[in-house]
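The values are calculated or read from the model by the stated rules, or taken from the named source; none is laboratory data. What you see is a predicted model; the values in this text were computed from it and never measured. Reconstructed Cβ throughout: ideal geometry from the backbone, glycine too, with neighbour counts over all protein chains shown.
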Amino acid sequence: MKNKIIVLLFVNVFFTTFYYAQEFDKYEVKGEINLTRIDDFLTLRAQVINEESFFINDLYYNFVVLKKGSSGNLSKNNQSNDFSLKPNEEKQLSVIKINLKKDEELKVYLFIKYKNKLIHRDTFFIKDKEVVKKEVGEEQFLIRGIVIDESMTKIGRDYHDFFYKEYLVTGKNYPFIVKIIEKPAMGRSSIISIEVDRNKIHEFFSRPNEDYLKANVSSAMMKLRAYSQKRKTTFSNKL
């Protein structure tokens, strides 16, 4: 009888520990990259917010900025450190200032980890920039060519790489943000979608096949062009 009690207690402790480890995946800790620009000078801020009502320790951030010059040379600026968050606290983690000319590219990554486990990521790419002015006279900078990667798996990341490479080749640099979002599906599969302005442009089930992924890149590009034209027409009609 004593042996049975010991076994039951052991099982109970094991599952309690596992449950709390899984619960952290639901914590609302979000990182965001904010950008401001004056002429060719960019200020990139890594910010994070704790949307939970309790203190979170053992957090770590890695803020990476990659710049590709007109000659193809790459330069890297990387800042990282440990941090903690009070309940509902919003904090600026890092600031990086760089010079970016019209013919240069920029890739910015913000990784948030808890005990070496990735819990949030924010990413954007800049291919080109254009200065626009509102009717009120305030200057705004319209960032073109941004593709945000929200993939979860290697297949999703491969699709993003194929997509972004094709996006650069087209030279379109649409004046809106394109998001590549990957979500779990049944079994080991996932669903990859391309979204713009909260509108789903293209969606498909992931498959570890290069030709299949590239075919879905082509389909997404066609739908993206159609959406851009429709968006432009709608905007013109409102003027």
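Every residue, every condition in (1) buried (at least 17 other Cβ atoms within 10 Å of the Cβ); (2) in a strand (DSSP E or B); (3) modelled with pLDDT under 80, yes or no:
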| residue | (1), (2), (3) |
| --- | --- |
| F163 | yes, no, no |
| Y174 | yes, no, no |
| K183 | no, yes, no |
| M186 | no, no, no |
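Every residue in the range 44-74 that is hydroxyl-bearing (S, T, Y) and under 18 Å from the mean Cα position of the chain (by Cα), please.
The answer is Y60, Y61.
Would you tally the residues in the range 67-89 being out of contact with any Phe, Trp or Tyr (no Cβ under 8 Å at 6 or more places or on another chain) and under 14 Å from I33 (Cβ atoms)?
Within the range 67-89, residues that are out of contact with any Phe, Trp or Tyr (no Cβ under 8 Å at 6 or more places or on another chain) and under 14 Å from I33 (Cβ atoms) number 1.
What residue, of K30, K97, is charged (D, E, K, R), in contact (Cβ under 8 Å) with a residue 40 or more places away in the chain and surrounded by 15 or more Cβ atoms within 10 Å (Cβ to Cβ)?
From the options K30, K97, the qualifying one is K30.
Could you list all residues from the range 157-173 that are over 16 Å from K107 (Cα atoms) and in contact with a strand residue (DSSP E or B) (Cβ under 7 Å, 6 or more places away or on another chain)?
Y159
Can you tell me which residue in the range 45-56 is surrounded by the most Cβ atoms within 10 Å (Cβ to Cβ), limited to those that are closer than 12 Å to L110 by Cα and of a type outside the set (S, T, N, Q)?
A46
Given the structure, is K101 outside the structural domain of G171 (by TED's automatic domain parsing) and within 22 Å of Y174 (Cβ to Cβ)?
Answer is yes for this residue.
Looking at L74, L59, L85, L42, can you tell me which residue is modelled with pLDDT under 85, over 14 Å from D122 (Cβ atoms) and surrounded by 10 or more Cβ atoms within 10 Å (Cβ to Cβ)?
L74
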